[in-house]
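The values are calculated or read from the model by the stated rules, or taken from the named source; none is laboratory data. Keep in mind that this is a model prediction, so the values were computed, not measured. Glycine also receives a Cβ, built like all others from the backbone with ideal geometry; neighbour counts cover every protein chain displayed. For accessibility, only protein heavy atoms count, side chains too; no ligands or nucleic acids. Shrake-Rupley method; radii C 1.70, N 1.55, O 1.52, S 1.80 Å.
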Amino acid sequence: MTAFTARGVTKTYGGVTALAGADLTLRAGSVHALLGENGAGKSTLIKVITGAVAPDGGELRMGEEPVTFASTAQAAANGVAVVSQELNLFPDLDVLANLYPMREPTKTGFVHRREMRERALPVLQQLGLDVDPKARLGSLSLAQRQLVEIAKALLVEPKVLILDEPTSALDSDSSERLLGVLRVLRERQVAVVFVSHILEEVMSLCDEITVLREGRTVLDARPRAELEIGDIVHAMLGGREVSSVARAASTPSGPTLSLAGVTVPDRLADVTLSCRAGEIVGLAGLAGSGNTDVLEVIAGLTKAASGTVTLPDGKGAPRDFRSAIADGVALVSGDRRRVGLMLDKPIWENISQVQPVALAGATRKLSSKALRGTAHGLAERVGVHPIDVDLRAGLLSGGNQQKVVLAKWLAADPTVLLLDDPTRGVDLGARAEIHALLRSISDSGKVVVLCSTDLDELAAICDRVLVFHRGRLCAELAGDSIDQHTLLHTMNTGTTTE
Ligand SMILES: Nc1ncnc2c1ncn2[C@@H]1O[C@H](COP(=O)(O)OP(=O)(O)OP(=O)(O)O)[C@@H](O)[C@H]1O
Ligand SMILES: [Mg+2]
């Protein structure tokens, strides 16, 4: 049964065409993947369908009935719920109030809140979200906030549920659980739309696939069983090639970054390792294994209780954020929503945020013209699209915002580049370009250390991968022995032997 259709949807913003005649056909009881490169128009189409953005043209039908929604609230009232790419939550309210944004308790508050709570608890439980409904939303982790947003959509009991990159902030356990919830919704005849850049996830979950390219539908509701990953990639890229990255050309011999016996209570136990300039070193591990803690210790964000960190120039770990930049240490986080960007500021200001600090002349002022020029060059290097540095960062698509975060740190020209899931939300073409860029930065004599939840990424670009398990460094893989299977096994068991 057709639950919802969008036909010929168009939308332009100033000179930018976001949608140029997009179609989407959703069936009840089917999980539908909406795919496409960064900037292809996925989020815009979703905003049109859910009443957040008015289209320039096109037609929407709920079942057979033509519909237009003036707001997401109206869409929700008609059974169309959305979990958007940018979270729409109120950090100062508690979890429960965030779950029912239209129904803040009034005078009869207590009764109302009790009902709200009783309805919410099973949904929170189903998602594995173990938080106090009275906790302030702002105190939750990004993944927990993402789950609150999902719970909010589920509480509407929608006929159409749209999720825009819902797993991008979740660890693999929470993602699996969410995918399980979506399977249950499919049985309950909900039409589910799911946006993701992780094609394995898409192939294991979805029944049908629609691909957008440059605002048009190029694969229209095709059954997944009829498609190979190659067909989807081809549709997304329109025949462009994705490059693969070579390993280090020669044995790295540059200066070394090292940790000796570093311990952080409850997080890291006696970690000793070294990374040379000219090699890309991966740090793998499950959430809480300590791999990302190593990045924080090197960047000076977490202090080691014992042990030493030695930067390539012989100095110890930076004291704080500012001195890290001055010492040439950059930590690029995949959590762009929290630490990455000033969304209401132009791209060039975002990219220029750390560079003046890096040039250390707190006294030295750079002209905005010079900063704009540098920003343009860097935006081009990481592939920001559209390339207009005066555009507000918040107007870029999600993946393009992530590229701006990377450009910002490259502007500081760091000697130690630390990356935590740097290509989260970035499409596969741009991801390959960023990988090539990391290789060239490494080749130019920089230390590059990378944490990633994407094992494919670690296998694709690392010369060595150090695997962490429960706070300890438990194994080292090198060259061709770095493959997804071995990584997964080692991360879960703490040993390479089967
Ligand atoms: N409010 C806006 N003003 C100007 N341009 C916009 C606005 N919203 C979206 N765009 C542009 O429209 C195009 C489509 O963006 P959209 O967010 O739909 O992409 P997407 O497919 O969701 O990408 P991603 O995978 O990166 O999330 C992009 O070029 C984007 O910069
Ligand atoms: Mg998007």
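Residue-wise test of (1) open to solvent by less than 20 Å² (accessible area, probe 1.4 Å); (2) touching a Gly at 6+ places or on another chain (Cβ under 7 Å).
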residue	(1), (2)
148	yes, no
153	yes, no
168	no, yes
176	no, no
179	yes, no
189	no, yes
192	yes, no
196	yes, no
201	no, no
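Scan the stretch 60-74 and give yes if some residue there is within 16 Å of ligand 2 (Cβ to nearest atom) and either out of contact with any Gly (no Cβ under 9 Å at 6 or more places or on another chain) or in a strand (DSSP E or B) (or both), otherwise no. Checking the stretch 60-74: not a single residue is within 16 Å of ligand 2 (Cβ to nearest atom) and either out of contact with any Gly (no Cβ under 9 Å at 6 or more places or on another chain) or in a strand (DSSP E or B) (or both). Being open to solvent by less than 30 Å² (accessible area, probe 1.4 Å) and in a helix (DSSP H, G or I) is a property that does not hold for residue 225. Residue pairs whose Cβ atoms lie under 8 Å apart, sitting 6 or more positions apart in sequence or on different chains, and linking a residue in the stretch 380-404 that is open to solvent by 20 Å² or more (accessible area, probe 1.4 Å) to a partner that is near ligand 1 (Cβ under 9 Å from one of its atoms) and assigned to a strand (DSSP E or B), are 386/16; 395/13. Tell me, which residue of the stretch 17-53 that is more than 24 Å from residue 73 (Cα to Cα) and either among the charged types (D, E, K, R) or within 14 Å of ligand 2 (Cβ to nearest atom) (or both) is surrounded by the most Cβ atoms within 10 Å (Cβ to Cβ)? The selected residue is 36.
Every residue in the stretch 380-421 that is more than 11 Å from ligand 1 (Cβ to nearest atom) and assigned to a helix (DSSP H, G or I), please. Within the stretch 380-421, 380, 381, 382, 404, 405, 406, 407, 408, 409, 410 qualify.
Could you tell me which residue of the stretch 1-13 is farthest from ligand 1 (Cβ to nearest atom), considering only residues that are part of a strand (DSSP E or B) and of a type in the set (A, V, I, L, M)?
Among residues in the stretch 1-13 that are part of a strand (DSSP E or B) and of a type in the set (A, V, I, L, M), the one farthest from ligand 1 (Cβ to nearest atom) is 3.
Residue 86 meets all of the listed conditions (1) within 16 Å of ligand 2 (Cβ to nearest atom); (2) open to solvent by less than 20 Å² (accessible area, probe 1.4 Å) but one, namely (2).
All of 270, 266 fail the test of being surrounded by fewer than 21 Cβ atoms within 10 Å (Cβ to Cβ) and within 27 Å of the chain's Cα centre (by Cα), apart from 266. Candidates 31, 16, 67, 80: the one that is within 16 Å of ligand 1 (Cβ to nearest atom), of a type outside the set (Asp, Glu) and in the same structural domain as residue 205 (by TED's automatic domain parsing) is 16.
If only residues of the stretch 413-440 that are away from ligand 2 (no atom under 16 Å from the Cβ) and open to solvent by 20 Å² or more (accessible area, probe 1.4 Å) are counted, the one that is nearest to the chain's Cα centre (by Cα) is 420. Does residue 202 satisfy the condition of being within 16 Å of ligand 1 (Cβ to nearest atom), in contact with a helix residue (DSSP H, G or I) (Cβ under 9 Å, 6 or more places away or on another chain), closer than 21 Å to residue 6 by Cα and aliphatic (A, V, I, L, M)? So residue 202 fails the test.
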